[in-house]
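Let me begin by presenting the structure, written as structure tokens, before commenting on it.
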Amino acid sequence: MLNRRFLRIKAMQEVYACQQSEETDLMKGERHLLKSVDDLYELFVSLLSFWVEVKRFAERRIEENKNKNFPTQEDLNPNLKFVNNRVLNVLDQNKHLGSLEQQFKINWADYREDFIRGFYVKLTQYPEYQEYMNSKSSTFSNDRNFLADVIDKYMAEDDVLFDFFADRSLTFNSDYQLGVYLLWKFIKEMPASFDADTKLPPVYKTEEEDENKDRRFVVDLFRKTMLHNEEYQKMLAEKVSNWDYDRLALMDQIIMTMAVTEFCDFPSVPIKVTINEYIEISKFYSTPESHRFVNGMLDKMAQVLKEEGKIKKSGRGLIDK
């Protein structure tokens, strides 16, 4: 579920939190880090469950309209395309999602009449919804693409949704954008074979392997960054030309320190992968121009560290690269 970029982001957030609070208890930091990873997964499940509840609300509304004292023709013959959406219906029937809802104590009963109704009304006004409802196409792909489009275009910027989920958990506050992206990616890639018995992906991609390498990776990245922070910060400061290192944004300093940690302490991670990952992370978590500066600095640091013999990559295709 969570690829290495997401794990790097979670480690970065924990390093930032520890530096801001001057926390030095690494075991405490590790526990908080792993909980924040689990919380991100809970947020993803909550967002999936939310869409199922929106579909259920639409079903209830259709039945209520049919039972009016004076129903209209539209009430009696409603457009059922949304409530018949194959993706939402298979999620509604999915046993694993149901068990996770119980595990995380997700219950929408108290929110149906205001929050859920408000979102549903807003949804029906989106041009994508209207186009979908009027479309003659009726396929799993069509149903999936409609949901992915709405999630992509509206959910991340929806202040009402953000406030709702942020109020439920402090970690949901900082992770809402990540959660929406995970939701979009999952829906976008959902296969037509997904059914009631299909399991949702686990938190870590390597969770079901003999060794959970991804969990080990995120813990090691946090711990080694914290342990070598002063050493690598000093190393970076010496290489920053024409700039006061202390004036750099704290997030830039953390991003570059984590990258140097990967250069020196993660022999199986290719240098180019590390550089590309932290450039992409800097685009979203630092200043608008940071990614260019990070790119230049990491290229320079990689070359210097290789010349000094401090980068030793091992494994097929990694030596001297």
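Scanning the range 165-215 for residues that are among the charged types (D, E, K, R) and crowded, with 20+ Cβ neighbours inside 10 Å, which turns out nearest to residue 43 (Cα to Cα)? Working first, answer last.
Let us first name the residues in the range 165-215 that are among the charged types (D, E, K, R), namely 167-168, 175, 185, 188-189, 195, 197, 199, 205, 207-211, 213-215.
Retained after the next criterion (residues that are crowded, with 20+ Cβ neighbours inside 10 Å): 175, 214.
Working: 175: 8, 214: 19 Å.
Per the stated criteria, the residue is 175.
From 77, 67, 3, 84, which residue is modelled with pLDDT of 95 or more and either closer than 26 Å to residue 280 by Cα or of a type outside the set (Phe, Trp, Tyr) (or both)?
Working: 77 fails: modelled with pLDDT of 95 or more; 67 fails: modelled with pLDDT of 95 or more; 3 fails: modelled with pLDDT of 95 or more.
Exactly one residue qualifies, and that residue is 84.
Being within 25 Å of residue 178 (Cα to Cα), assigned to a helix (DSSP H, G or I) and without any contact (Cβ under 8 Å) to a residue 40 or more places away in the chain, is that true of even one residue in the range 82-90?
Checking the range 82-90: at least one residue is within 25 Å of residue 178 (Cα to Cα), assigned to a helix (DSSP H, G or I) and without any contact (Cβ under 8 Å) to a residue 40 or more places away in the chain.
Of the residues 121, 180, which single one is of a type in the set (A, V, I, L, M, F, W, C) and more than 17 Å from the chain's Cα centre (by Cα)?
On the way: 180 fails: more than 17 Å from the chain's Cα centre (by Cα).
None of the other options fit; the residue is 121.
Where residues in the range 254-282 are in a helix (DSSP H, G or I) and small (Gly, Ala, Ser), which of them is nearest to the chain's Cα centre (by Cα)? Working first, answer last.
First, the residues of the range 254-282 that are in a helix (DSSP H, G or I): 254-265, 271-282.
Subsequent filtering for residues that are small (Gly, Ala, Ser) retains 259, 282.
Working: 259: 21, 282: 16 Å.
Applying the filter and picking the extreme gives 282.
If only one of 11, 58 is more than 23 Å from residue 278 (Cβ to Cβ), of a type in the set (Gly, Ala, Ser) and in contact (Cβ under 8 Å) with a residue 60 or more places away in the chain, which one is it? Can you show your working first?
Details: 11 fails: more than 23 Å from residue 278 (Cβ to Cβ).
Testing whether each residue is more than 23 Å from residue 278 (Cβ to Cβ), of a type in the set (Gly, Ala, Ser) and in contact (Cβ under 8 Å) with a residue 60 or more places away in the chain leaves just 58.
Just need a number here: residues in the range 12-65 that are among the β-branched types (Val, Ile, Thr) and out of contact with any helix residue (DSSP H, G or I) (no Cβ under 6 Å at 6 or more places or on another chain). Please lay out each step first, then the result.
Quick first cut of the range 12-65, residues among the β-branched types (Val, Ile, Thr) only: 15, 24, 37, 45, 52, 54, 62.
Add one more test, that the residue is out of contact with any helix residue (DSSP H, G or I) (no Cβ under 6 Å at 6 or more places or on another chain), and what stays is 24, 62.
Residues that pass the stated criteria total 2.
Consider the range 66-89. How many of its residues are out of contact with any helix residue (DSSP H, G or I) (no Cβ under 7 Å at 6 or more places or on another chain) and surrounded by 13 or more Cβ atoms within 10 Å (Cβ to Cβ)? Steps first, please.
Step one: of the range 66-89, the residues out of contact with any helix residue (DSSP H, G or I) (no Cβ under 7 Å at 6 or more places or on another chain) are 67, 69-70, 72-74, 77, 80, 84, 89.
When the remaining residues are screened for being surrounded by 13 or more Cβ atoms within 10 Å (Cβ to Cβ), the result is 84, 89.
Total meeting the criteria: 2.
Please specify each residue of the range 178-216 satisfying the condition of being touching a residue at least 40 places away in the same chain (Cβ under 8 Å), of a type outside the set (A, V, I, L, M, F, W, C) and under 13 Å from residue 151 (Cβ atoms). Steps first, answer last, please.
Residues of the range 178-216 touching a residue at least 40 places away in the same chain (Cβ under 8 Å): 178-180, 182-183, 186-188, 190, 192, 194-205, 214-215.
Now narrow it down to the ones that are of a type outside the set (A, V, I, L, M, F, W, C): 179, 188, 195, 197-199, 201-202, 204-205, 214-215.
Listed by number, the residues that qualify are 179, 188.
In this structure, is residue 210 modelled with pLDDT of 95 or more and not assigned by TED's automatic domain parsing to the domain that holds residue 125? Write out each step before concluding.
Details: modelled with pLDDT of 95 or more: no; not assigned by TED's automatic domain parsing to the domain that holds residue 125: yes.
No; evaluated as a whole, the condition is false for this residue.
Among 165, 172, 146, which is hydrophobic (A, V, I, L, M, F, W, C), part of a helix (DSSP H, G or I), farther than 30 Å from residue 19 by Cα and not assigned by TED's automatic domain parsing to the domain that holds residue 281?
Exactly one residue qualifies, and that residue is 146.
Test each condition in (1) polar (S, T, N, Q); (2) surrounded by fewer than 17 Cβ atoms within 10 Å (Cβ to Cβ); (3) in a helix (DSSP H, G or I) for residue 138 and report the one that comes out false.
Going through (1) polar (S, T, N, Q); (2) surrounded by fewer than 17 Cβ atoms within 10 Å (Cβ to Cβ); (3) in a helix (DSSP H, G or I) one by one, residue 138 breaks only (3).
Evaluate the following for residue 154: is it assigned to a helix (DSSP H, G or I) and farther than 30 Å from residue 284 by Cα? Write out each step before concluding.
Details: assigned to a helix (DSSP H, G or I): yes; farther than 30 Å from residue 284 by Cα: no.
Taking the combined requirement at face value, the residue does not satisfy it.
With 294, 304 as the choices, which residue is closer than 20 Å to residue 222 by Cα and either surrounded by 14 or more Cβ atoms within 10 Å (Cβ to Cβ) or over 24 Å from the mean Cα position of the chain (by Cα) (or both)?
Values: 304 fails: closer than 20 Å to residue 222 by Cα.
Residue meeting the stated conditions: 294.
The values are calculated or read from the model by the stated rules, or taken from the named source; none is laboratory data. Given the structure is predicted, the values throughout are model-derived calculations rather than measurements. Note that we place each Cβ from the backbone using ideal geometry, even for glycine, and neighbour counts take in every protein chain shown.
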